[in-house]
Structures are given as C-alpha cells and as structure tokens.
Amino acid sequence: MSKVIVVTSGKGGVGKTTTSASFSSGLALRGNKTVVIDFDVGLRNLDLIMGCERRVVYDIINVINGEVTLKQALIKDKNCDNLYILPASQTRDKDALNLEGVERILNELKESFDCIVCDSPAGIESGAFTAMYFADEALVVTNPEVSSVRDSDRILGILAAKSKRAVDGLDPVKEHLLITRYDPKRVEAGEMLSVTDIQEILRIPLIGVIPESESVLQASNAGTPAIHLDKSDVAEAYRDVVGRFMGDERLPMRFVTVEKKSFLKRLLGGR
Amino acid sequence: MIAGLISYLRGNEKKTAIVAKERLQIILAHERAGRNAPTPDYLPALQEELMVVIAKYIHIDRESINVQLEKHGEYDVLELNITLPDKMRLNR
C-alpha cells in the first residue's frame, strides 16, 4: 500500500521544503520507492533545494493538462536511486492545480511508488488545501515560536475537518509533529517554547526535533538535501525522523538538551 | 552582566517562554471553540421570531431573551434563556 504524506505548516519559512527534501531522500535511502511533489505553483523551490533546477523541463501542470506523461515530467534524483521529483509550475497560476487533476496523478503514482511526499505551500489557500486534501499522513512542521504554533493548530483543524479522509468518513489523517529550528540553549534559558510545551499545546505525537543549525543554509546553497551532510546533527535528526516514520519507535529523541562539552573537546577547541 | 545579575536577584520576572505558552493556550482554546461550533447563521432570525411570539403573551424586552448553541462533547445543545419580568408587570 502506498502512502501519501503531506509536509505542511500554515506559516511560511519554517522548513517545509527543507523537510520535504530530506524526508523524501531518507525514505528513498531506506529502500522506499519515493516521489516528492512541489505544490507551490508560481513559487517553486523544491527543485533548488534538491539541486535539480537545471533539469526541469515539464511540471505538474503540464501533466494535469495532459500535455506530457508523468514519466516525461518526473526527474530522477542525483543522490538516491529510488527518488523522483515532480516540480511545480513556475509560470502558471495556482488555480491550474485542480483536485480532479491531482487525484488522477496521485492514483497513477500509487501504481509505482511506495511513498508520495507532497510539499505544501505556505498559507491555507487552494495550493495548500490541494496538497493536504489526499493525504494519509501529515508532517506538521512547527517552529518553537507563537505564530508558527498557532498556524499549525489551524492546519490540524483543517486536516481533521476538510481532508478527503474527513469528508469520506475514513480513519483520520495520521498527524506527526515535527519541531524544527530548535535551540536547546534558549529553551534552557526560558527564551523559547520547549518540546513539551509545544506537545502540550498541539496534542499530536512527536516524530522528531531538528536543531537550529548553520548547515541547513549550507545544504541549500549546494542544492543537497541536509540529510546527506556529513557529521551534521540536522542530518542525524532527519534520519531519526525517517526511522520513526518507518516504525522504529524506540529511537531516543536527540538534540533536545544542551550538550555539555567534554574537557578534552574544550581543550582542543572542537565545536 | 550587571543587568543580568539584578534580574537574577529580583527573580520575579516571568520567562518569555512561559508567557508564550500561556498566551497560546488562551488564544487556541478560543479559536478551537469557534472552529468546532461555528454559530449557525439562522440564530439571529430564530431569536427574532421567538421574540415576536413570546411578546404576544408576555411583556419582555429584547435583552431578556438569549439564544445560544453550545457543544457538549458529542451533542450540540440549543439553549434558550428567557428572563420573565416580575409578577406585577405580568398581571397587568
């Protein structure tokens, strides 16, 4: 059974595309045949984060309009064998993305892929709605910050009331909380909402915590999803997220407390 | 550093993370309530018509009738609250 997973948040700039890129790469590395779809029509960016921007020829709107086949529009990822990217259109407007067309594409993708990751645009307009409508599971990306938490709550309300699963009366969309840009130091100082605070407020299961890190910018500069970075806690944290998603619930939650530097490390000036 | 020391000695300043959590809990409780039980658009009309019927028999003013829809778990409860005037006016 293939799964449709939406990466959503409501608020912009919290790490949806970063997460979509690393999460889909991680699923593929674990042997799942995976496709990641950019739903941000008019403002596509997943291609840049995945480093395939110069190989984009056709996009999702071309497929919906029947101008090209899915096979022609899918771009094979440069890092993972099992991963394909379906870019958004940069020139069309968001109304070209209709529910019927998207459903047709998803059904066709389900025939050959295990995981279909939908990278949602920010907001709660039609693009974001279309991205989440067909979801079986949802990664709700949240920053430890009041406006992001409030928007996530709004998104959870929409998933529970207006997704296809809700409308058809099926089991509800399985929701996962993913906290990004987390800074344990500031949490300890009482300057930032803690993991527990956010969980208490949003009341959905936690799938992972991604620490605030300079390496996310480095990854996007290079067009390599952060999960591929060497010796980066962001990469480790994303691998843990994928592990938990695949059912390994015993994985301990890392990067949530301030790491005490060892004496030797301090002596050597290691970071 | 001195400012930090002073605020430490005072010890009564609320950490901003706690303020953030409290504010979120209040606003989200409010927004969730609105989301789960949006006021149906027939309520004002219903209130108006009830007013007319009741006014035929009892002398009441607009403020003494109140119609509300509340959510109690699985059930929606339509609450109708009419404050009757005191006996003297009723017998008149």
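For the range A:202-218, backbone phi angles converted through the Karplus equation (6.51, -1.76, 1.60; θ = phi - 60°) give residue-by-residue couplings of 8, 6, 10, x, 7, 9, x, 10, 9, x, 4, 7, 5, 6, 5, 5, 4 Hz, Gly and Pro being listed as x.
Keeping all protein chains in place, calculate the accessible area per residue for the protein assembly as shown (probe 1.4 angstrom), answer in Å².
Each residue of the protein assembly as shown exposes 57 Å² on average to a 1.4 Å probe.
For the residue pairs A:Lys71/A:Lys164; A:Lys185/A:Lys231; A:Lys11/A:Lys78; A:Lys11/A:Lys33; A:Lys33/A:Lys76; A:Lys76/A:Lys162, the C-alpha atoms sit more than 23 angstrom apart in A:Lys71/A:Lys164; A:Lys11/A:Lys78; A:Lys11/A:Lys33; A:Lys76/A:Lys162. Converting the Cα gyration tensor eigenvalues of chain A into ellipsoid dimensions via √(5λ) gives semi-axes, longest first, of 31, 22, 16 Å. Remark: accessible surface ordering of A:Lys231, A:Lys16 (largest first) is A:Lys231, A:Lys16, probe radius 1.4 Å.
For the range A:172-220, heavy-atom accessible area (probe 1.4 Å) falls by no less than 50 Å² from the chain alone to the full protein assembly at A:Gly190, A:Ile201. The B and A chains share an interface that buries close to 1300 Å² of accessible area, total over both sides, probe 1.4 Å. Using alpha carbons only, how many angstrom separate the centre of the range A:141-169 from the centre of the range A:46-65? A separation of 27 Å, based on Cα centres.
Around the amide H of A:Lys174, modelled in the peptide plane, lie the amide H atoms of A:Glu137, A:Ala138, all under 5 Å away and 5 or more residues distant in sequence or on another chain. Evaluating 6.51 cos²θ - 1.76 cosθ + 1.60 at θ = phi - 60° for every residue in the range A:160-177, the Karplus couplings come out as 6, 10, 10, 5, 4, 4, 5, 5, 7, x, 7, 4, x, 4, 7, 9, 10, 8 Hz, glycine and proline recorded as x. Structural descriptor for the range B:15-82: relative contact order 23 percent, calculated from alpha carbon pairs under 8 angstrom and at least 6 residues apart.
Per q in 0.15, 0.17, 0.24 1/Å, what log10 I(q)/I(0) does a Debye calculation on the alpha-carbon atoms of the range A:72-147 return? Result of the Debye calculation: -0.64, -0.81, -1.37. For the range A:74-88, the residues whose backbone nitrogen is under 16 Å from a point 7 Å from the Cα of A:Glu67, taken along Cα to Cβ, are A:74, A:87-88.
The values are calculated or read from the model by the stated rules, or taken from the named source; none is laboratory data. Note that the structure is predicted; figures quoted are calculated from it, not measured. Note: ideal-geometry Cβ built from the backbone for every residue, glycine included; neighbour counts use all protein chains shown. Heads up: the accessible areas ignore ligands, DNA and RNA and are worked out on the full protein's heavy atoms, side chains in. Shrake-Rupley method; radii C 1.70, N 1.55, O 1.52, S 1.80 Å.
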